[in-house]
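Right, one structure below, let's go through it.
The values are calculated or read from the model by the stated rules, or taken from the named source; none is laboratory data. Here the structure is a predicted model, which means the values were calculated and not measured. Methodologically, a virtual Cβ is constructed for each residue, glycine included, from the backbone with ideal geometry; neighbour enumeration extends over all protein chains shown. Remember, those area values only see protein heavy atoms, side chains included, never the ligands or the DNA or RNA. Shrake-Rupley method; radii C 1.70, N 1.55, O 1.52, S 1.80 Å.
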There are 4 protein chains.
Amino acid sequence: MRVGVLTGGGDCPGLNAVIRAVVRKGVQEYGYEFTGFRDGWRGPLQGRTVRLDIPAVRGILPRGGTMLGSSRTNPFKEPDGVRRILDNLSGEGVDALIVIGGEDTLGVAARLSREHGVRCVGVPKTIDNDLSATDYTFGFDTAVGIATEAIDRLHTTAESHMRVLVVEVMGRHAGWIALHSGLAGGANVILIPEQRFDVDQVCGWVESRFRASYAPIVVVAEGAMPRDGDLVLKNAAARDSFGHVRLSGVGEWLAGEIERRTGKEARTTVLGHIQRGGTPSAFDRWLATRFGLHAVSAVREGEFGMMVALRGTDVVRVPIASATERLKTVPVERYEEVKVFFG
Amino acid sequence: MRVGVLTGGGDCPGLNAVIRAVVRKGVQEYGYEFTGFRDGWRGPLQGRTVRLDIPAVRGILPRGGTMLGSSRTNPFKEPDGVRRILDNLSGEGVDALIVIGGEDTLGVAARLSREHGVRCVGVPKTIDNDLSATDYTFGFDTAVGIATEAIDRLHTTAESHMRVLVVEVMGRHAGWIALHSGLAGGANVILIPEQRFDVDQVCGWVESRFRASYAPIVVVAEGAMPRDGDLVLKNAAARDSFGHVRLSGVGEWLAGEIERRTGKEARTTVLGHIQRGGTPSAFDRWLATRFGLHAVSAVREGEFGMMVALRGTDVVRVPIASATERLKTVPVERYEEVKVFFG
Amino acid sequence: MRVGVLTGGGDCPGLNAVIRAVVRKGVQEYGYEFTGFRDGWRGPLQGRTVRLDIPAVRGILPRGGTMLGSSRTNPFKEPDGVRRILDNLSGEGVDALIVIGGEDTLGVAARLSREHGVRCVGVPKTIDNDLSATDYTFGFDTAVGIATEAIDRLHTTAESHMRVLVVEVMGRHAGWIALHSGLAGGANVILIPEQRFDVDQVCGWVESRFRASYAPIVVVAEGAMPRDGDLVLKNAAARDSFGHVRLSGVGEWLAGEIERRTGKEARTTVLGHIQRGGTPSAFDRWLATRFGLHAVSAVREGEFGMMVALRGTDVVRVPIASATERLKTVPVERYEEVKVFFG
Amino acid sequence: MRVGVLTGGGDCPGLNAVIRAVVRKGVQEYGYEFTGFRDGWRGPLQGRTVRLDIPAVRGILPRGGTMLGSSRTNPFKEPDGVRRILDNLSGEGVDALIVIGGEDTLGVAARLSREHGVRCVGVPKTIDNDLSATDYTFGFDTAVGIATEAIDRLHTTAESHMRVLVVEVMGRHAGWIALHSGLAGGANVILIPEQRFDVDQVCGWVESRFRASYAPIVVVAEGAMPRDGDLVLKNAAARDSFGHVRLSGVGEWLAGEIERRTGKEARTTVLGHIQRGGTPSAFDRWLATRFGLHAVSAVREGEFGMMVALRGTDVVRVPIASATERLKTVPVERYEEVKVFFG
């Protein structure tokens, strides 16, 4: 039995831990051989492979990123893409494929499985934690930890200068990172994509915090939007002297608005890529490792078209398609719950 | 409405986060007043209180330990203990009590509630994660993170000298910390209280690791026992020249055995109290805060005799007594699952 | 003897450690009393004070920021500023002043001392490490540590996507943070304000790194400039739809140029305020504490007009004025030394 | 030109950074070839080598330990040791040797250089910072950082239970780690090998801390001794039931004494090997890298018998022999300076 492995989409702490667990268990317990495909779906598309055996996965558990590389390539959008994939899988002698990725990457797996009989097992990956089929995805806990530590650091700077600090965190469509890190970091305002925000209300919370003689921290997901906000942010795009397009992010925009409306100094920090890099947290290593172990068991048991998922403390199997059905966004009651800490 | 709050048993990162959430929500949403009792059940027993309002809980979210102090006092074992508690609660005008603690502390709450009608809501606390009614308890993730970071550090030392490093972690009756940190840290052997270990098998894993030209890390819970081990460890107690009793822990004992049987150098590190101190992880701040918010809601809704618990991503309520019914130990299949990484 | 204390300029990890050491030693060894002035020179200007005794400084050692607050107020630029300061110092019964700050704050102290006989002792503070009179200033080691950890994290993200990652760190006039964190983080290009950079040469290093099958990290100080660059960056300013001025930083600009010239994807992370916030490193706590101890000894010994400074492992005294004479920039040979790691 | 490299003695964060810098600069700037010797002096003694070129040193900068392995082998104590070393160096075609190690390892280099004309350049290494010829050695800052973080964590545990916490840190002959981490961690007592301590005075500081309603942290170097203490600790050795010798460390002994004399609960944490493992701090990466760069320059310039050393912010050269002349211990005035924080 030869099993292919690929990682697609944005990188995420824990990808290497999945790969290691898959290979360790596959080789030692089932005698499988493995083929690593490089750079997501581009690997099987172009026949680009990586050696994947036990020596190759030694020492990668604590390393961020993915030893296989990643890409956003979608074979359904490439000329003759599906046929080339089928040819390459068959040319490499690959009997089954473990696909580690988010909505897009798994969507391809679901379709290849359904339409072309490719024997796929999925492992869900999204740093934003927005896949509905699983309680958590690895990478999320690491990102929340990094953002929380940054917020911890910003408190003392804010207090020393009695300034507003706006922290923009990841989360284009779902506010989980903002919600968790904002709560854990003791933020005074948390803004998420699921709920349009009212700038005047934000300013009210900011001013209430100053009245208590403390300086406010505002955590804002990159996808959060003011009421009537689409227009505003679209217009904020500008070109610099070289013609590079620059889009003011919501964090910078909001800091400007707060300054304008409250007269208080405000500064922005955009955490950016440091949220998705580096060594995974213990929780993410644990989750990723268990996902890997269970994915290879699913291959063993012939559970193709399925994906591993976390339910409570158990790893279960669900149809890959269920990962992509709908986004898991922050429910309104969960957001309301934390408003007691605003202001 | 006046609500008493106390924290009992060993300290644990997240206790302050619970207290803060209880007070913020209780005061702001329900208009409650609070009385902090000092040092667990000793507080209501001796009428020792602490001011507990919004200014008092500012800034405590990221702080380890408990601002209320703690103890292992059990009023049922004190002369006239129950009557004194009832008198002091009534003297302070306390209408309900939020009790944050482990098996023993909550056991008192369950009994006071059942036998004397004290209106208690429980919040489960155990750094060992061994309460059966909840998926996780706060403090556990922090402890696992600290232990994992220590194991990460020990790998390079072990490799440089090609030595065995034995790491003794917390866990007297349950091996959760050993299991999670050992897995996350890439340990080559993990030993837990739930499964007696065979020293020769441990030596076999150690030697197999050396054969692969790596140095082994052995993670052992403080409560792990060799087969026929009770006797051994009891005898290992010794007295120093001042008559202090010194009990060799299992880690040190095991390192000695490995040296003797394999001829390889072995060293022990006992992580000890650093596992339970200091700032809580983001996960623990989040869990502890949500427990606090839901505990005060339970008071509001008159759900006395109940305790908050985590199920998946939801906070639910279960009878306090259920926390103390049985220990949540590591199931044998969960332990077997990780053995693929041994050796 | 009553001693005033103030902190001016940008906040910096270690300010609280200085304050604590000053007060502990002053009270316990010399029987001094202290007056804290709030918000830098604004404090004595407006007569705004803070209680400063041993209980007030308990627990502040590990806290970032400054319990006294800070500002950039310059009394020489305020109407009647000097007279108001002299009046307030005398009104508070302050016999001597310990002034903790950077070039501007200490410049005021030097002038008040020289021209008006105010008895000042200085403690140098600059997170950029650019004061010529001292080997190191506190805050710098913390900033370098945070930047290095961020660079560590970015490596795996860069590798996974084979992208260029540009990291913009602090350093408007001196490249110390870029130099140290770039070296410690294993950056492939380091750009500092002291040496104009050639974009084509940067692209050459970037491409050389890709040829070795690794992804490049470019660390750039915020004040670094391309050859003929002033013009470029001035033009890059833009206004968003609300009229906020947005200046593309050098990091974002450079990433754009690299993309344009090499055809490789490039991303920017601007570390910003997280570099100056939060708990100080052990080194900075040690340095700040020793500065504090020696500053109060200088007061005791009547060494006014002097400032503490680090020389090797000794704390020495130098004229305050010497702090402001010239900027300590990165010498060209120190920069050349690290170029062996470029590319 | 072929240059040999070896690392001897206890491992230390930064060894890999030295090796990487040596190889990068030697290959790129001088066209040198390198031979790595495995496990300290055992390598040239037994002719055991490791490939050492630019690909071999990629990615090792942030890794603790040493890729070359280490040992305490002393060729002068091995039969025919010197001749075998000379033969193997000549057999490998090695023209010069870069020796990275502490007192013992460098002592061998000094003697081989003086008595047998081996062309050696030294790089000083001691985690204890006790070499007199250099301001700092790499590894020390990392160890102090780890110990400080542990002390930070222990404060909240101590407070929650109002217990004494005794932390035993490294330092057999010199108290630098205890002094720096104790000061940075806000310890209430610091005990170092250079100054015998009086247990009653320690108990006095402990009780004074409790009177201020705080719980004391006592940091003790492993080599600290009570007055008349040799006898006491020698007697404290015991044998467990398997005949393993167990020596109570000074930390555990002291906690017992404090309990006995003050009646307060006391607990001990022995930090042990986690102080010397894992990724080096930014400071240590910087120092180790600069040591490596300057060591290979010394080879280039034919400065044999010399060792690199830090003086202020400069890397200088001193005779290797000067490293081993006398131990750099904590001067009494430096220790007196910090006593203001005791109690």
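The table below lists the values:
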{"quantity": "Residues of segment D:275-284 that turn out to be at pLDDT 95 or above and not hydroxyl-bearing (Ser, Thr, Tyr), as a count", "calculated": "5"}
{"quantity": "In segment C:102-158, the residues that are acidic (Asp, Glu) and closer than 14 Å to C:Gly8 by Cβ", "calculated": "C:Glu103, C:Asp104"}
{"quantity": "Segment B:295-343, subset at pLDDT 95 or above and of a type in the set (Ser, Thr, Tyr), residue farthest from A:Arg290 (Cα to Cα)", "calculated": "B:Ser297"}
{"quantity": "Unmet criterion (only one of (1) at pLDDT 95 or above; (2) farther than 26 Å from C:Thr324 by Cβ; (3) of a type outside the set (S, T, N, Q)) for C:Gly43", "calculated": "(2)"}
{"quantity": "Criterion: surrounded by fewer than 21 Cβ atoms within 10 Å (Cβ to Cβ) and within 14 Å of chain C (Cβ to nearest Cβ) - qualifying residue of A:Val50, A:Val18, A:Val27", "calculated": "A:Val50"}
{"quantity": "Neighbours by Cβ (under 7 Å, 6+ apart or cross-chain): first from segment A:76-95, in a helix (DSSP H, G or I); second open to solvent by 70 Å² or more (accessible area, probe 1.4 Å)", "calculated": "A:Phe76/A:Arg111; A:Val82/A:His116; A:Leu86/A:His116"}
{"quantity": "Identity of the residue in segment B:105-135, of a type in the set (Lys, Arg) and either part of a helix (DSSP H, G or I) or not assigned by TED's automatic domain parsing to the domain that holds B:Val316 (or both), that ends up surrounded by the most Cβ atoms within 10 Å (Cβ to Cβ)", "calculated": "B:Arg111"}
{"quantity": "Subset of segment D:227-247 (residues that are at pLDDT below 65 and part of a loop (DSSP other than H, G, I, E, B))", "calculated": "D:Ala236, D:Asp240, D:Ser241, D:Phe242, D:Gly243, D:His244"}
{"quantity": "Helices (runs of 4 or more DSSP H) contained entirely in segment C:136-226, each with at least 1 residues that are away from chain A (no Cβ under 14 Å) and surrounded by fewer than 24 Cβ atoms within 10 Å (Cβ to Cβ)", "calculated": "C:199-211"}
{"quantity": "Residue list for segment C:63-91, filter: surrounded by 20 or more Cβ atoms within 10 Å (Cβ to Cβ) and touching a Lys or Arg at 6+ places or on another chain (Cβ under 8 Å)", "calculated": "C:Gly64, C:Leu68, C:Gly69, C:Ser71, C:Thr73, C:Pro75"}
{"quantity": "Selection status of A:Pro55, out of contact with any Pro (no Cβ under 9 Å at 6 or more places or on another chain) and open to solvent by 10 Å² or more (accessible area, probe 1.4 Å)", "calculated": "yes"}
{"quantity": "Qualifying position, being of a type outside the set (Ser, Thr, Tyr) and without any contact (Cβ under 8 Å) to a residue 40 or more places away in the chain, among C:Phe197, C:Phe210", "calculated": "C:Phe197"}
{"quantity": "Number of the condition not met by C:Asp95 [criteria: (1) of a type in the set (D, E, K, R); (2) touching a Gly at 6+ places or on another chain (Cβ under 7 Å); (3) open to solvent by 30 Å² or more (accessible area, probe 1.4 Å)]", "calculated": "(2)"}
{"quantity": "Condition met for B:Gly292 (open to solvent by less than 40 Å² (accessible area, probe 1.4 Å), at pLDDT 90 or above, part of a helix (DSSP H, G or I) and within 14 Å of chain D (Cβ to nearest Cβ))", "calculated": "no"}
{"quantity": "Subset of segment D:307-336 [under 24 Å from D:Val27 (Cα atoms) and buried (at least 23 other Cβ atoms within 10 Å of the Cβ)]", "calculated": "D:Met307, D:Val308, D:Ala309"}
{"quantity": "Lone unmet requirement of (1) surrounded by 22 or more Cβ atoms within 10 Å (Cβ to Cβ); (2) within 14 Å of chain C (Cβ to nearest Cβ); (3) over 21 Å from B:Val340 (Cβ atoms) for A:Arg38", "calculated": "(1)"}
{"quantity": "Inter-residue pairs, beta-carbon under 6 Å, first more than 7 Å from every other protein chain (Cβ to nearest Cβ) and in segment C:270-287, second open to solvent by 30 Å² or more (accessible area, probe 1.4 Å), 6+ apart", "calculated": "C:Thr279/C:Pro62"}
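Residues checked against (1) part of a helix (DSSP H, G or I); (2) touching a His at 6+ places or on another chain (Cβ under 8 Å); (3) assigned by TED's automatic domain parsing to the domain that holds B:Ala298:
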position	(1), (2), (3)
B:Ala21	yes, no, yes
B:Val50	no, no, yes
B:Ser70	no, yes, yes
B:Leu97	no, no, yes
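Table: residues versus (1) farther than 26 Å from A:Val296 by Cβ; (2) not aromatic (Phe, Trp, Tyr).
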| position | (1), (2) |
| --- | --- |
| A:Ser113 | no, yes |
| A:Val118 | no, yes |
| A:Lys125 | no, yes |
| A:Leu131 | no, yes |
| A:Tyr136 | no, no |
| A:Thr142 | no, yes |
| A:Ala147 | yes, yes |
| A:Ala150 | yes, yes |
| A:Thr157 | yes, yes |
